[in-house]
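Enquirer: Below are the structure tokens for one structure; questions will follow.
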Amino acid sequence: MAKPSASSKYSSRMIKLLKWSGIVAVPLLLVAAVAYWLIIPNIAEKLVRQQLERVGTRLGLEITTGDIQTSGWQGVIIKDLKVALPERSEPLATIGEVRASLDKSQILLGDKVISSIALTDSQFRIVRMADGSLNVDYILDRLKADENQPDTESADDPELTPDQPDFLRYFGGKWPDVAISRGSVTFDYENDHARKNSPVAWPLEKIHAETARIDGSASHADFTTSLDLLHATTQIPGWKLPETIEIALTLRAPWKKSTGQLNFEPSLNVSGLEPFPFLSAGIGGLSIDQNTKIEVQKLTVGLNHKTLKTNVADIPSASIQLSELSRDIHAMRVLEMIVDSPTISMTIAKNGSNTLKTVQELVRPTATNLVLSTARRTALDLSTRKQGNANGPNAPAADDTQKEDRKRSAIESALARARARRNPTQS
């Protein structure tokens, strides 16, 4: 009888080893799975309670919940979450159900962070108080006062870059995934006194979103939703709000790097606004890109003066390129302006007058006054700076003084010519 070869002996040993490995591995995997099933929900529940407590303490809010259920691989389910301001009976926000999921791969590495949240039947209330303030002002004030205070309870939280929003520390420094079903914001008054003395009446009763999503990553978050607007009986004079707003945004840090698109249906319309109260405008869409280009889509311009009410221009898109986005409007410079394929409409009356001539006659005196007032402020600023620096340590050189004098003289000459030409004509 032939003896088995060395290779066949090796193969036999490998088969036996694999069999024994399988016999040992399967029970170990089962034990690991059971342990994972039992332990992870407990970790998730504890984590969510800690996070809710931290947020409540940090913002001075009263946060209560109904049942908190573990759901195995899905994390934690919180029922009837309510957020209230101190000493207020009506909650600021209510959420029927919150599902918080954990990044399980990171949990095994000791990084217990919330990776996604699902909210169902959520309602947020914005209330005008009797003293004219809003109920959310309390939270804003707390955030402002607290923004420079260290969070002593978050020593184990991930370090954030200076540009990252502070709330990302609760999600491991990453934008979380958020799914919202049936969410709404309602606008109300504390009492009749608040309603009567409100500086501006709420133009909306409710904003509702059947669904909304945030798809997060380490660098940004994509936000999409469709908002239904329920109009109040009292509207802002000169404004006609749309019924639906389609939103697609890419949120980044800092916020001025965010981009997005808004679509209005029907168009957002404004009229009667200074300094040109005789003009009206409709906007069908608005977008901003990473190059700080702001674009308006489906722009219409109309004339609404006395008995004359007509359309003047239809513009598919118009855009301006800004040097930067800033809260200081004077820091932003317009680098480029583009008007794409405008259609101008002109109506000619029997007496030979036309809408374009009427617009020109109405715009000219207002535009002249704007130019004159701007020139006056510039001349005054130049004169003040010259007087202030004439004897100071940083006094300008002779050439600089002459340049300032020539500039001021040119402005004064322009003012004189404008006054001589100005002859406002009202239609």
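Enquirer: Can you name the residue in the range 320-331 that is within 19 Å of the chain's Cα centre (by Cα) and modelled with pLDDT under 85 and, of all such residues, is surrounded by the most Cβ atoms within 10 Å (Cβ to Cβ)?
Expert: Applying the filter and picking the extreme gives 325.
Enquirer: Filter the range 226-238 for residues that are under 21 Å from residue 280 (Cβ atoms) and either part of a loop (DSSP other than H, G, I, E, B) or under 21 Å from the mean Cα position of the chain (by Cα) (or both) and give the result.
Expert: 229, 234, 235, 236, 237, 238
Enquirer: Going by the conditions given, is residue 131 within 30 Å of residue 202 (Cβ to Cβ), at pLDDT 65 or above and part of a loop (DSSP other than H, G, I, E, B)?
Expert: Yes: the conditions hold for residue 131.
Enquirer: Another question about this same structure. How many residues, within the range 274-317, are modelled with pLDDT of 90 or more, touching a Phe, Trp or Tyr at 6+ places or on another chain (Cβ under 9 Å) and charged (D, E, K, R)?
Expert: Number of matching residues: 1.
Enquirer: Please determine whether any residue of the range 339-356 is of a type in the set (Ser, Thr, Tyr), modelled with pLDDT of 80 or more, surrounded by 11 or more Cβ atoms within 10 Å (Cβ to Cβ) and in contact with a helix residue (DSSP H, G or I) (Cβ under 6 Å, 6 or more places away or on another chain).
Expert: Within the range 339-356, one or more residues are of a type in the set (Ser, Thr, Tyr), modelled with pLDDT of 80 or more, surrounded by 11 or more Cβ atoms within 10 Å (Cβ to Cβ) and in contact with a helix residue (DSSP H, G or I) (Cβ under 6 Å, 6 or more places away or on another chain).
Enquirer: For residue 214, which of the numbered conditions (1) of a type in the set (A, V, I, L, M); (2) within 22 Å of residue 55 (Cβ to Cβ); (3) touching a Gly at 6+ places or on another chain (Cβ under 8 Å) fails to hold?
Expert: Evaluating residue 214 over (1) of a type in the set (A, V, I, L, M); (2) within 22 Å of residue 55 (Cβ to Cβ); (3) touching a Gly at 6+ places or on another chain (Cβ under 8 Å) leaves (3) as the failure.
Enquirer: Of all residues in the range 357-368 being over 38 Å from the mean Cα position of the chain (by Cα) and of a type outside the set (S, T, N, Q), which is nearest to residue 273 (Cα to Cα)?
Expert: Ranking the candidates gives 361 first.
Enquirer: Suppose we keep only residues that are without any contact (Cβ under 8 Å) to a residue 60 or more places away in the chain and assigned to a loop (DSSP other than H, G, I, E, B) within the range 272-289. Which one would you say is farthest from residue 239 (Cα to Cα)?
Expert: Ranking the qualifying residues of the range 272-289, first place goes to 289.
Enquirer: Can you name the residue in the range 182-200 that is of a type in the set (Ser, Thr, Tyr) and surrounded by 17 or more Cβ atoms within 10 Å (Cβ to Cβ) and is also farthest from residue 129 (Cα to Cα) among such residues? Break it down into steps so the answer makes sense when it comes.
Expert: In the first step, residues of the range 182-200 are kept if they are of a type in the set (Ser, Thr, Tyr); the result is 184, 186, 189, 198.
Of the ones still in play, those that are also surrounded by 17 or more Cβ atoms within 10 Å (Cβ to Cβ) are 184, 189.
Values: 184: 20, 189: 6 Å.
Once the filter is applied, the top-ranked residue is 184.
Enquirer: What about residue 272, is it over 19 Å from the mean Cα position of the chain (by Cα), surrounded by fewer than 18 Cβ atoms within 10 Å (Cβ to Cβ) and either among the charged types (D, E, K, R) or over 23 Å from residue 348 (Cβ atoms) (or both)?
Expert: Working: over 19 Å from the mean Cα position of the chain (by Cα): yes; surrounded by fewer than 18 Cβ atoms within 10 Å (Cβ to Cβ): yes; either among the charged types (D, E, K, R) or over 23 Å from residue 348 (Cβ atoms) (or both): yes.
Answer is yes for this residue.
Enquirer: From the residues in the range 308-319 that are polar (S, T, N, Q) and closer than 13 Å to residue 279 by Cα, which one is surrounded by the fewest Cβ atoms within 10 Å (Cβ to Cβ)?
Expert: 310
Condition check ((1) within 24 Å of the chain's Cα centre (by Cα); (2) at pLDDT 75 or above; (3) among the aliphatic types (A, V, I, L, M)) across all residues:
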site: 63; (1), (2), (3): no, yes, yes
site: 74; (1), (2), (3): no, no, no
site: 94; (1), (2), (3): yes, yes, no
site: 103; (1), (2), (3): no, no, no
site: 107; (1), (2), (3): no, no, yes
site: 113; (1), (2), (3): no, no, yes
site: 140; (1), (2), (3): yes, yes, yes
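The values are calculated or read from the model by the stated rules, or taken from the named source; none is laboratory data. These numbers come from a predicted model, not from an experiment. Cβ coordinates were reconstructed from backbone atoms using ideal geometry, including for glycine residues, and neighbour counts include every protein chain displayed.
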